[in-house]
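Since the structure comes first, as C-alpha cells, the remarks are kept for the end.
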Amino acid sequence: MTTYETMKQYPPDISYKTFERFLSSLQQHLPKRIDRSYWGKMFSRRAGTQLMSALRFLNMIDVNASLRPRLNLLMSGTSREHRAALLRQVADDAYGFVFKGTLDTQKATYDELEAVFQNTYHMKINVCYKCIQFFIDFSKDAGIQLSPEITKKRKMPRSSPRIKNSNKNLDIMRDVPLGMASPLGEYLKGELVARNLSQQELSNRMGKSLNEIDDIINGKKTINAEMALQLEEVIPTFPARFWLYLQSDFQLTEALTAKRLAHPQCDA
C-alpha cells in the first residue's frame, strides 16, 4: 500500500538516466545517509533536489534521508532477476494508484495513463509527461510489461507560457489589462495544493516560520532572492527567477493601476 509519506510527494520527474547514474554511484560507496554532502559533487542543486524527491516517493529513504532496507537490498549485489523483483515491489508500492486501480497497463493507451496521473496529482502537462517517462523507464527496468501505446516514443508537450525575463515582456506588461497579474502568494498556494504540500511542510523545508509562510501566501510579506532559491528547491519545476519575476510583475501592475487611477487622462 502506498504510504502517506509517498503520497504527499510528487511522482519522480527526474531523468531516469540520472537516477541510474546515482544508483551506480551507490554501488561504489553506500552511505548511511543521502544528503547534499553526498550528491553535491555529482549533480546540480535542481537535479539533486529532484533525486531526493524521487527517493522519498519510491520509499527508498526516510524523512531524515537515511536509507530504507529496500535500497540496501537493491545495492547488495543481487542478480538481475532479484533486482527486477525488488524494483517491481517498489513500483507496486509507489505507483499503487496506477497498478492497483482499474487501469489495465498492458492494454491502456497513453492518454488513459496520463488521466490517472492527472486525476491523482493534478500536474501541469509538461511535468506529467516527465513523470510518466520516469514511470515507463522504471517499469521497463523492473520487467513490468506496459502496452505498446504507452511505451511508444512521443515528443514532450509544450508547457503553458512561462514568464521570461526580457525587455519585450516588460513592454507588453503596459498593454495587459489591469488585474491580469497574479499575486505570488496566490500562485504559490495553488502549487502547494497541486502537490499535496501543507504550509507547515513548506515552512519546515524552507527553514522559515509558519507565520512567515502564511504572510507570503496572504500577500503581507515579499520574498527575497534567498527565499526564491529555497522555493526552487521545494518546487523544482519553477526556477528562483520565476518567483522573483512573478512578484515584481504583480508589484509593477499594482503601481501602474495606481498611476492610471490617479491620472486617467494618460490612458486616453
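The string of couplings for the range 203-215 from the Karplus curve (6.51, -1.76, 1.60, θ = phi - 60°) is 5, 5, 6, 8, x, 10, 6, 5, 5, 5, 4, 4, 5 Hz, one whole number per residue in order, with x for Gly and Pro. Straight-line reach from K17: taking Cα to Cα under 22 Å and skipping same-chain neighbours fewer than 8 places apart, the lysines in range are K41, K130, K140, K152, K153, K155. Computed from phi, the 3J(HN,Hα) profile of the range 104-116 under the Karplus parametrisation 6.51, -1.76, 1.60 (θ = phi - 60°) reads 8, 5, 8, 10, 5, 8, 4, 4, 5, 5, 4, 4, 5 Hz, with x in place of Gly and Pro. Proximity of backbone amide H atoms, modeled 1.01 Å from N, is registered between K221 and I216 at under 5 Å, excluding neighbours fewer than 5 places apart on the same chain.
Only the coordinates and a few stated rules stand behind these numbers; no lab work does. These figures come from a predicted structure and were not determined experimentally.
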